[in-house]
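Reading through the structure tokens given below for one structure.
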Amino acid sequence: MAAVLPVSQATPPSSRVQNVPRNPPACTLPYHNIGGHCLLIDDLLLGSWERMSTFCVDFGGTLANLYDANVLTAAIAYMDEHGLRDRCFWVGASDAAEEGVWRWTDGNLVRRGTPLWGDLADEVQQPTGGTAENCGLLLFGDHHFLHDADCSEEHAVICEQVEAQAVHYKSPKIDCPLPYQYIGGRCLFVNPFGTKSWGDMNAYCQNMGGHMAKLDDANLLGYVFDYLTGNEGLGDVFYWIGATDAATEGEWLWHDGTRVTMGTPFWGDAPSGNQAPDGGEDHDCAFLKPTDHFFFNDYLCEGDNTHSFGVICEY
């Protein structure tokens, strides 16, 4: 049995993007091409959100706008490579002008929920600080997911060069064969009524003419989050996706052999408190975890008798 549901509009369209290939930006020092965007990630100077905003302006930029969530993916990879993961970083999100309405410095709405926003020990997804916390911060203590913070706190900064900021386009909508639906630029089919085995659901997707979903784009993960949380009956199910390290421990691959991006903004918290995957040789299959805002986690491929495992197929 499978559910075919209408696509929810849980997030304002202006906060969603689809990217198209474009020429590499012409970055000028001290900016660097990071994921197709000219960014300056500075961990030496610390200051308030307003002070660091002025710092960025002085260098011909603004606080970084992450409306393309793949910018966060690229920034995390750069920070890992250059040893910059030990500080918090201000970015260009704020709701100081209107409480609860988060916008980037260019006025675009900030996507709420996954994949940008993290959580604390209470497992409530940010932002949660109310009027006391009006500025966006990549939090060191939560794998550099986005949090709201007191704007007067002193932290490092990520700037984006103004002249090189990307123009984003929505890709043409494609026709998807039933029961697949157009979600975030892909043809996906969400079945919350699956069996427990990753292998069984892999075969199920193949029998449906597709494969288990390849969620290799951070914006796509955001669209899937919107869909699952915006449609009744889908928000409390564990969903198998097509990532596995069954062939070689620690080498996570999609169905087509391409590597799975590790870390933020795809993988959530493991039970150990570390960032997933953290299950070792026993946990070789990836799923979207509803109790962790549908971020990736790893688990036993045969599932268990406690959780209901559905699947997301892709055509």
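The values are calculated or read from the model by the stated rules, or taken from the named source; none is laboratory data. Note that the structure is predicted; figures quoted are calculated from it, not measured. Using ideal geometry, Cβ is built from the backbone for each residue, glycine included, and neighbour counts are taken over all protein chains shown.
Structural remarks
- Residue in segment 56-63 that is surrounded by fewer than 23 Cβ atoms within 10 Å (Cβ to Cβ) and in a helix (DSSP H, G or I) present: yes
- Given (1) over 23 Å from Lys289 (Cα atoms); (2) assigned by TED's automatic domain parsing to the domain that holds Pro115; (3) surrounded by 18 or more Cβ atoms within 10 Å (Cβ to Cβ), number of the condition Glu154 does not satisfy: (3)
- Val101 vs. criteria modelled with pLDDT of 95 or more and either in the same structural domain as Ile34 (by TED's automatic domain parsing) or under 23 Å from Tyr78 (Cα atoms) (or both): yes
- Note on segment 1-49: among residues that are surrounded by 15 or more Cβ atoms within 10 Å (Cβ to Cβ) and assigned to a helix (DSSP H, G or I), the one that is modelled with the lowest pLDDT is Ser15.
- Taking the listed residues Asp142, Asp175, Asp150, Asp217, the one that is of a type outside the set (A, V, I, L, M, F, W, C), more than 30 Å from Asp282 (Cβ to Cβ) and in contact with a Gly (Cβ under 8 Å, 6 or more places away or on another chain) is Asp150, with no other qualifying.
- If you go through segment 225-239 and keep only what is part of a helix (DSSP H, G or I) and closer than 17 Å to Phe193 by Cα, you end up with Tyr227, Leu228, Thr229.
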